[in-house]
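Take a look at the structure set out below.
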Amino acid sequence: MLCSRCGALIQSKDAKFCPRCGYELNSYSMPVHKGYVPSVEPYVYSQPVYQQTAPTKKGNSKKVVTVAIVIALFVGVVVVGLAGSSENAPEKTETQQINPYSYFKVSNDFLEERNTLSVALATDNRIAFTLSPDQASKYVSYTWTLYDRDHLASTSAYVFSQYTGDTIKKTEPVLYYLSQKPGVYDIKVDCLTSSGQRTTYSGTVTYIGTVIKDYNWTYNGASYSIRLSFDYKEYLDYKNMNINGRNVTNYNKTVSFVTYNDPVIKDLERSLRNAYGVNKAAADGNYASFILAFVQICFGYPSYSTFMSAEKYQYGVEEYFAYPLETIIYGMGDCEDTSILAAALFKAAGFNAGVVVLPGHAVAAVGLDSYSPGNYSSYSDEVLSKTVDNVTYYGCETTVDVFQKIGLISNTGSGGHPYSWYIGKDSYDFYIVT
């Protein structure tokens with residue numbers, strides 16, 4: 001049978017969940033005949049084009065001639081103007097439907113009209129990028145280069161079918177990529193003829209479908225695992241939102257990134273709550289620690305060097321405040337990104353929450369009653385807290401890879417002062433989500 005959500009072939013009759021998208025299978029799953037093999041060639045969806053004809057008006061023939069001349073001159077000016085600004089013209093894209101729930105959005109040499117490159121979901125959980133037979137017959141070798149924008153931000157080595165590296169030189173005009181995950185893929189293939197002539201084809205493929213994230217971590221000696229699934233389009237909505245406002249200098253705006261009402265964040269918090277086993281999360285301070293441990297352990301810090309900031313490495317710019325769904329897609333983020341994610345989960349769980357902006361650093365904040373971190377080393381840590389509107393908020397460090405208690409952060413900030421010394425000075429403060 002086929003999954004009724006993503007169209008994947010279900011091999012086992014006893015399967016309860018789709019192996020691709022995690023959807024719970026039921027009697028509505030589509031039956032499939034024995035021997036069925038999913039087609040490598042995608043179904044191409046062509047949107048109908050409708051022509052509208054303006055009604056013809058009668059009038060003086062001299063006026064018509066005059067108007068025609070003016071229109072011709074105007075059109076000439078417009079054409080010249082467009083020709084001069086072709087670099088600013090929007091990139092042409094095309095939608096190629098895979099099934100009712102997913103599709104490819106392609107550009108450049110992947111456009112059907114060019115009959116050059118194509119993309120399809122292949123077997124063995126692979127994506128196939130193929131050079132058309134008409135073009136492939138002209139060449140003897142093909143060097144493929146792939147850039148996966150969403151899944152491998154921390155490495156430049158990509159895993160292909162039986163290959164690992166930045167590029168692959170093959171004698172077959174097809175590239176199989178071992179990551180059948182929704183995302184954005186930049187593809188380039190350098191083709192070489194027997195006489196040494198080289199031609200390059202390229203394009204971008206955006207695979208819209210169901211994103212699946214599996215998380216495993218430990219807390220208080222117990223192991224936990226959850227699965228999160230959502231539509232890739234939901235991530236793209238945030239990626240394309242507030243593009244020019246990601247370098248935040250007015251720290252009051254930090255909490256605007258804490259999208260705790262987002263359906264994906266609510267689903268994630270619900271999964272965390274079910275895993276923890278509580279019904280009234282806001283009444284249990286230990287549940288807040290459970291959420292913090294999840295963020296600390298399951299979300300890493302981007303790799304970077306002394307020559308490049310973490311955000312430059314991950315997003316290509318020096319300063320970038322990310323929405324929670326962006327951090328979820330990448331599985332990593334710097335201090336403000338993971339703090340924003342933790343604050344969103346705290347708030348979705350019913351806690352009062354916020355983000356603490358410090359010199360060169362940021363931590364999440366959660367409001368708790370009668371909380372104490374217990375024993376800790378004052379040599380290396382301090383308790384960061386502040387009472388706002390009769391609620392005591394505690395700072396939560398998110399850039400560690402093991403559980404660190406709520407309230408405890410390093411007691412060494414910039415300039416030799418502990419971080420608590422800066423609260424209330426130069427816009428460094430607790431910013432509360434309302």
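The values are calculated or read from the model by the stated rules, or taken from the named source; none is laboratory data. All of these numbers come straight from a predicted model, not from anything done at the bench. Neighbour counts are summed over all protein chains in view; Cβ atoms, including those assigned to glycine, are modelled from backbone coordinates with ideal geometry.
For the reader, a short list of remarks on this structure follows.
- Any hit, the range 93-110, residues being part of a helix (DSSP H, G or I), at pLDDT below 90 and either of a type in the set (Ser, Thr, Tyr) or in contact with a Gly (Cβ under 6 Å, 6 or more places away or on another chain) (or both): no
This table checks each residue for (1) within 24 Å of the chain's Cα centre (by Cα); (2) without any contact (Cβ under 8 Å) to a residue 60 or more places away in the chain.
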residue: Thr338; (1), (2): yes, no
residue: Pro359; (1), (2): no, no
residue: Val363; (1), (2): yes, yes
residue: Ser380; (1), (2): no, yes
residue: Val400; (1), (2): yes, no
residue: Thr412; (1), (2): no, yes
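- Scanning the range 198-224 for residues that are within 20 Å of the chain's Cα centre (by Cα) and among the hydroxyl-bearing types (Ser, Thr, Tyr) returns Thr204, Thr206, Tyr207, Thr210, Tyr215.
- Checking each residue in the range 227-253 for being within 24 Å of Gly331 (Cβ to Cβ) and of a type in the set (Ser, Thr, Tyr) picks out Ser229, Tyr232, Tyr235, Tyr238.
- The residue of the range 178-197 that is farthest from the chain's Cα centre (by Cα), among those that are in a loop (DSSP other than H, G, I, E, B) and surrounded by fewer than 17 Cβ atoms within 10 Å (Cβ to Cβ), is Ser195.
- Positions within the range 382-398 being over 29 Å from the mean Cα position of the chain (by Cα) and either more than 17 Å from Trp421 (Cβ to Cβ) or among the hydroxyl-bearing types (Ser, Thr, Tyr) (or both), in sequence order: Ser385, Thr387, Val388, Asp389, Asn390, Val391, Thr392, Tyr393, Tyr394
- When Gly331, Gly367, Gly354 are checked against the criterion of being among the small types (Gly, Ala, Ser), surrounded by 15 or more Cβ atoms within 10 Å (Cβ to Cβ), within 17 Å of the chain's Cα centre (by Cα) and more than 24 Å from Gly416 (Cβ to Cβ), Gly331 stands alone in meeting it.
- Meets criteria (modelled with pLDDT of 95 or more, farther than 25 Å from His361 by Cβ and not aromatic (Phe, Trp, Tyr)) for Ser223: no
- Scanning the range 200-234 for residues that are outside any strand (DSSP E or B), in contact with a helix residue (DSSP H, G or I) (Cβ under 8 Å, 6 or more places away or on another chain) and more than 15 Å from Pro263 (Cα to Cα) returns a single hit, Gly209.
- Helices (runs of 4 or more DSSP H) fully within the range 285-339 that include at least 2 residues being at pLDDT below 85 and at negative phi: 310-315.
- Tyr320 vs. criteria surrounded by 17 or more Cβ atoms within 10 Å (Cβ to Cβ), of a type outside the set (Lys, Arg) and touching a Pro at 6+ places or on another chain (Cβ under 9 Å): no
- Evaluating Tyr176 against the criteria (1) hydroxyl-bearing (Ser, Thr, Tyr); (2) more than 21 Å from Ala122 (Cα to Cα); (3) modelled with pLDDT under 90 leaves one unmet condition, (2).
Residues checked against (1) among the hydrophobic types (A, V, I, L, M, F, W, C); (2) within 14 Å of Ser141 (Cβ to Cβ); (3) assigned by TED's automatic domain parsing to the domain that holds Phe104:
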| position | (1), (2), (3) |
| --- | --- |
| Tyr185 | no, no, yes |
| Leu192 | yes, yes, yes |
| Thr199 | no, yes, yes |
| Gly203 | no, no, yes |
| Tyr215 | no, no, no |
| Thr218 | no, no, no |
| Gly221 | no, no, no |
| Ile226 | yes, no, no |
